[in-house]
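Worksheet: the structure to be examined is printed underneath.
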Amino acid sequence: MHTVRGGWRLAVVAAGLGPALVACAPLSCTAVGCVSVVTVDIASLSARARPLSVQATLCVEDACQTQKVTFLTDANDTVLSQELPTDPKPTNGLEVPVTLKVTQGTTVLLDTKGTATLTQVAPNGTRCGPICYSADLTLDGQDLLPTTSPSASG
């Protein structure tokens, strides 16, 4: 018969190594990608512009995009989006300047500025990457406001 001295010590050391061994195991990540983007829902403009077309220019930081938007019905859900030119760093507070200008012919219907607070998006988990950022805004009158989800507003 073989006697093991300090058997309880061996068990304690082995138990302590368990989490360390798990931490060293290869990380299995999915390959889901993402894009850092700010979106603005401008459906509230439909009453002003219907049924004519407008030009909407959305700028996030220094990146801008102009697109033609045609409002056909009251139920039109029009969302503009602009990719972020660079991924923001958390030390910058995750806030980016946003401007929106909407024109109809030579008439300026809207020219407003706001700030978007970005939320981190990690589709594969924070240990796998990529890490992207997003914010959703809604045009309310002349103001760009954070979009609230139905579950958040009760």
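The table that follows gives values for the structure above.
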{"read-out": "Restricting region 88-99 to residues that are farther than 16 Å from LEU58 by Cβ and surrounded by 14 or more Cβ atoms within 10 Å (Cβ to Cβ), the residue that is modelled with the lowest pLDDT", "value": "PRO88"}
{"read-out": "Failed condition for GLY125, given (1) modelled with pLDDT under 90; (2) at negative phi", "value": "(2)"}
{"read-out": "Any hit, region 52-64, residues being in contact with an Asp or Glu (Cβ under 9 Å, 6 or more places away or on another chain) and at pLDDT 75 or above", "value": "yes"}
{"read-out": "Positions within region 115-135 being under 14 Å from GLU61 (Cα atoms) and not aromatic (Phe, Trp, Tyr), in sequence order", "value": "THR115, ALA116, THR117, LEU118, SER134, ALA135"}
{"read-out": "Candidate set from region 65-87 (those that are assigned to a loop (DSSP other than H, G, I, E, B) and closer than 18 Å to ASP136 by Cβ); member that is modelled with the highest pLDDT", "value": "LEU84"}
{"read-out": "Scope region 101-123; condition crowded, with 16+ Cβ neighbours inside 10 Å and farther than 19 Å from ILE42 by Cβ; matching residues", "value": "LEU118"}
{"read-out": "Condition check for THR106: hydroxyl-bearing (Ser, Thr, Tyr) and at pLDDT 85 or above", "value": "yes"}
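The values are calculated or read from the model by the stated rules, or taken from the named source; none is laboratory data. Just so it is clear, the model here is predicted, and its values are computed rather than measured. In this analysis, Cβ positions are derived from the backbone assuming ideal geometry, glycine residues included, and neighbour counts consider all displayed protein chains.
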